[in-house]
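Data block below; observations after.
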Amino acid sequence: MDLLAKQSLDDPLNSARSATLEMLAQHPQGYSLPQPFYNDERLFQLDMQEIFEREWLFAGMSCEIPAKGNYITLNIGNNPVLIVRGDGGAIHAFHNVCRHRGSRLCLSEKGKAAKLVCPYHQWTYELDGRLLFAGTDMGENFDLSAHGLKPIALTEAGGFLFINLSENPSPIDDLKKTLEHYLAPYEMENLKVAVSSSIEEDANWKLVIENNRECYHCNGSHPELLNSLQEFDDSDDPRATPAYRELVKRKQDDWDAMQVPWQLTRIGRRNRLTRTPLLDGIVSMTMDGKPACKKLMGRLTSPDMGSLRILHLPNSWNHFMGDHALVFRVLPLGPQRTVVTTKWLVHKDAVEGVDYHPEEMRRVWDATNDQDRRLAEENQRGINSLAYQPGPYSPTYEFGVIDFIDWYRETLSANLAKTPTLRLAEA
């Protein structure tokens with residue numbers, strides 16, 4: 001048996017993998033998960049290995065790195081990631097790890113650099129990852145070309161940047177084509193980030209997603225958001241009223257006339273896109289329902305575009321309106337810790353203080369994010385109790401949560417079954 005095989009058999013997570021597969025197989029559909037999925041360190045490590053290190057993740061927006069040398073960074077668990085724009089507009093993703101002794105290269109969340117220089121010993125890399133300089137004391141046989149930055153799979157889809165840390169990423173062509181179709185009217189290359197925020201929540205990442213996937217809690221928790229948002233996802237929602245269905249039909253006719261896509265589209269359980277109206281007479285997610293930005297996005301001619309809702313599991317939901325957009329990114333920090341980043345996008349030519357005021361633009365979702373943080377944290381505290389047991393979801397109010405949990409169970413089970421560890425143990 002070779003060393004890699006022996007290490008796989010000695011993996012301390014082996015027993016957790018087997019137990020997890022058994023729990024997933026026995027779990028009743030339509031119920032919340034068993035307690036360990038929300039608070040156990042071993043289950044968290046499996047989530048990181050089998051979900052966040054294997055699946056396509058929303059990382060950021062291409063408009064955040066508009067020029068050569070612009071970069072953004074993020075962390076996927078213990079994996080620092082660097083995304084940078086190079087020559088000819090090409091966008092590259094790398095492990096943000098120097099090939100000398102492993103130091104991080106870029107230390108800030110965003111910036112601009114002519115070259116990528118390690119702050120430890122000044123090893124210097126081109127923006128495409130090639131090692132250019134490693135000092136004069138590495139020996140005459142040292143090969144610069146063998147020590148470039150390690151790449152990460154990246155794809156741009158309708159202005160969204162997705163990364164995949166695995167060696168053999170699954171295809172993402174359907175999502176790429178769909179996003180480019182729906183977001184074409186927004187001319188994504190002509191947007192910018194007006195303002196952003198990140199909040200840490202003392203809750204498992206799945207609780208953060210579950211909370212987002214239903215509006216069962218909205219009436220009791222989100223007064224600011226319900227100034228504008230319809231709690232129905234689309235006219236097929238079994239809770240939708242006749243008045244709402246009439247509003248949907250009227251707005252869809254308007255959007256057809258403007259040649260703006262609105263149809264509900266699903267790509268498995270992972271991705272869901274649909275344009276739905278805001279409250280009648282409301283055009284933006286602001287306190288007064290009026291535009292937050294005077295300059296509309298892309299080629300849009302009306303602010304009354306409802307909200308184009310975009311879901312990408314495991315870590316993003318989004319709202320695109322006529323005047324501005326919100327993109328949300330979820331990244332796990334620990335079994336009971338998650339960071340949620342929100343970015344507000346506007347036309348790149350919009351002038352702060354003239355066309356938009358960041359404090360007004362962000363007021364609704366700052367309040368909503370904080371309310372959701374408290375809800376998720378209280379949910380986590382209850383789940384940690386000896387009294388917790390999986391409870392049933394509502395098939396109408398919480399169908400989005402059921403879809404998420406079904407996707408999670410199927411994806412984690414499939415990825416666990418592919419691991420060399422389990423195959424070796426069975427042999």
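Odds and ends about this structure:
- On inspection, Glu377 fails the criterion of being open to solvent by 60 Å² or more (accessible area, probe 1.4 Å) and either assigned to a helix (DSSP H, G or I) or touching a Cys at 6+ places or on another chain (Cβ under 8 Å) (or both).
- Checked against the criterion of being modelled with pLDDT of 95 or more, open to solvent by 40 Å² or more (accessible area, probe 1.4 Å) and out of contact with any Pro (no Cβ under 9 Å at 6 or more places or on another chain), the candidates Arg99, Arg42 yield just one match: Arg99.
- Some residue of the stretch 382-395 being closer than 21 Å to Arg309 by Cα and under 21 Å from the mean Cα position of the chain (by Cα): no
- Listed by position, the strands (runs of 3 or more DSSP E) inside the stretch 268-320 whose residues that are free of Cβ contacts under 8 Å to residues at least 60 places away in the same chain, touching a Lys or Arg at 6+ places or on another chain (Cβ under 9 Å) and open to solvent by 10 Å² or more (accessible area, probe 1.4 Å) number at least 2 form an empty set.
- Checked against (1) open to solvent by 60 Å² or more (accessible area, probe 1.4 Å); (2) closer than 29 Å to Gln45 by Cα; (3) touching a residue at least 12 places away in the same chain (Cβ under 8 Å), Asp349 passes all but a single condition, namely (2).
- Taking the criterion of being of a type in the set (Gly, Ala, Ser), open to solvent by 20 Å² or more (accessible area, probe 1.4 Å), in a loop (DSSP other than H, G, I, E, B) and out of contact with any Ser or Thr (no Cβ under 9 Å at 6 or more places or on another chain), the residues of the stretch 105-147 that qualify are Ala113, Ala114, Gly135, Gly139.
- Elements of type strands (runs of 3 or more DSSP E) contained in the stretch 50-91, each with 2 or more residues being out of contact with any Ser or Thr (no Cβ under 8 Å at 6 or more places or on another chain) and open to solvent by less than 20 Å² (accessible area, probe 1.4 Å): 57-61, 70-76
- Qualifying residue in the stretch 400-421 (condition: in a loop (DSSP other than H, G, I, E, B), of a type outside the set (Lys, Arg) and at negative phi): yes
- Counted residues, the stretch 333-346 - those being open to solvent by less than 10 Å² (accessible area, probe 1.4 Å) and part of a loop (DSSP other than H, G, I, E, B): 0
- Checking Pro28 against (1) in contact (Cβ under 8 Å) with a residue 60 or more places away in the chain; (2) closer than 21 Å to Ser166 by Cα; (3) open to solvent by 50 Å² or more (accessible area, probe 1.4 Å); (4) not acidic (Asp, Glu), the condition it does not meet: (2)
- The set of residues in the stretch 185-206 that are among the charged types (D, E, K, R) and assigned to a strand (DSSP E or B) comprises Lys192, Glu200, Glu201.
- Residue match in the stretch 166-174 (condition: more than 25 Å from Thr73 (Cβ to Cβ) and touching a residue at least 24 places away in the same chain (Cβ under 8 Å)): yes
- Qualifying residue in the stretch 342-349 (condition: of a type in the set (S, T, N, Q), touching a Leu at 6+ places or on another chain (Cβ under 8 Å) and more than 28 Å from Pro12 (Cβ to Cβ)): yes
- Beta carbons closer than 9 Å, at least 6 apart along the sequence or on distinct chains, pair a first residue in the stretch 241-252 that is touching a residue at least 40 places away in the same chain (Cβ under 8 Å) and closer than 16 Å to Val283 by Cα with a second that is among the aliphatic types (A, V, I, L, M) and open to solvent by less than 30 Å² (accessible area, probe 1.4 Å) for Lys251/Met305.
- In the stretch 239-262, residue farthest from Phe320 (Cα to Cα) [restricted to those that are assigned to a loop (DSSP other than H, G, I, E, B) and under 30 Å from the mean Cα position of the chain (by Cα)]: Arg239
The values are calculated or read from the model by the stated rules, or taken from the named source; none is laboratory data. Keep in mind the model is a prediction, meaning the values are calculated, not measured. When we count neighbours, we look across all protein chains shown, and the Cβ atoms used for this are built from the backbone with ideal geometry, even at glycine. Just the protein is used for accessible areas: all its heavy atoms, side chains included, with ligands, DNA and RNA removed. Shrake-Rupley method; radii C 1.70, N 1.55, O 1.52, S 1.80 Å.
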